[in-house]
Amino acid sequence: MYLSIFQLLLIIAAIYLAWYLLHQLLFHQSFCRPANHMVESFYNRLFGFLFLGIIAYWVAHREGFTSSDLGIGFTLNRLSYTYILIALIILPLLMLYIGPTKENLWKNPKIRNHRWTWTLVLLSSISWIIFLFAYEFFFRGFLLFPCIHELGITWAVIINVLVYSLIHIGRGAVMTIGAGLFSIALSLISYHTGSFFAAFIIHVILALSNEWISLYYNPDMKVKGLA
C-alpha cells in the first residue's frame, strides 16, 4: 500500500474534521444560525460530497491509489442484487417501526420545514443520494479497501466499525451501536461484492425510507397536496 494504515487514518481524520469544523463555523455560531435547517441540511450534504468525495478521491489519486484499490465499481453482480433486494424489504419495514416514534420524529426529517413542496422532497432526496455516494466512498471505499489489502478483512472491518462508531458517538448510545452494526454489514457487503456501490444503494434505501416515513408521520409537517 502507498500509505501506512496510520497515515491513511490521519488523512481520513483530517478530511472528515475539515468538513465537520467548517460546518460548525458556518452554522453553529449565533450570528449565522439559519431560521430553519433547510440551508444547513443542503450545505451539509453538498459539502460532504466535496470533502468526502471529490477531495478524498483527489488525495487518494495523488497517493497513487487506483480505482480498484478503492473499491470503485459501478456494476452490480448477482450477489449485489441479493443484498439490495433484502435491504428493500427489511429497511423500509424497520423504518415503519422506528419512524413514527417521538425520538425519531424529534430529529427527522433533517429539514424542519413545516410545509414541504414536492420539489423540496425531490431536491432533498437527490441531495441525499449525492451525499451518500461520497459518504460510502469515503468509509467503505477509501478507508475499507486499503485496510483489507494491508491487514485482511477482519482488521479492516474492526477499524471501519471503530471509526464509523466514533463519528456517531455524540448522537447517543443507541445511534452509536446501530452505526457500528450497520458498518459491519456494509463493510462485509462491500468486501463480498468487490466495491462500495451496493453499500451506497443500501444506505440510500435507509436514508430515503427514514426521511419519507418521518415526513409522513410528523404531525408538524405536511407535504403540499398530500392529505
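The values are calculated or read from the model by the stated rules, or taken from the named source; none is laboratory data. Bear in mind that the values here come from a model prediction, so they are computed numbers and not experimental data. Reconstructed Cβ throughout: ideal geometry from the backbone, glycine too, with neighbour counts over all protein chains shown. All accessible areas refer to the heavy atoms of the entire protein, side chains included, with ligands and DNA or RNA removed. Shrake-Rupley method; radii C 1.70, N 1.55, O 1.52, S 1.80 Å.
Can you pull out the residues in the range 168-183 that are of a type in the set (Val, Ile, Thr) and surrounded by fewer than 15 Cβ atoms within 10 Å (Cβ to Cβ)? Step through it out loud before you land on a result.
As a first pass, look at the range 168-183 and keep what is of a type in the set (Val, Ile, Thr): 169, 174, 176-177.
Residues satisfying the conditions are Ile169, Val174, Ile177.
Have a look at Ile148, Ile89 and point out the one that is free of Cβ contacts under 8 Å to residues at least 12 places away in the same chain and among the aliphatic types (A, V, I, L, M).
Ile89
Residue check: is Leu226 free of Cβ contacts under 8 Å to residues at least 24 places away in the same chain and open to solvent by 20 Å² or more (accessible area, probe 1.4 Å)? First the steps, then the outcome.
Numbers: free of Cβ contacts under 8 Å to residues at least 24 places away in the same chain: yes; open to solvent by 20 Å² or more (accessible area, probe 1.4 Å): yes.
When the stated conditions are applied, Leu226 passes them.
Of everything in the range 111-167, what is open to solvent by 20 Å² or more (accessible area, probe 1.4 Å) and either in contact with a Lys or Arg (Cβ under 8 Å, 6 or more places away or on another chain) or of a type in the set (Asp, Glu) (or both)? Give them in sequence order.
Once the filter is applied, which keeps residues that are open to solvent by 20 Å² or more (accessible area, probe 1.4 Å) and either in contact with a Lys or Arg (Cβ under 8 Å, 6 or more places away or on another chain) or of a type in the set (Asp, Glu) (or both), the range 111-167 yields His114, Arg115, Thr117, Trp118, Trp128, Ile130, Glu150.
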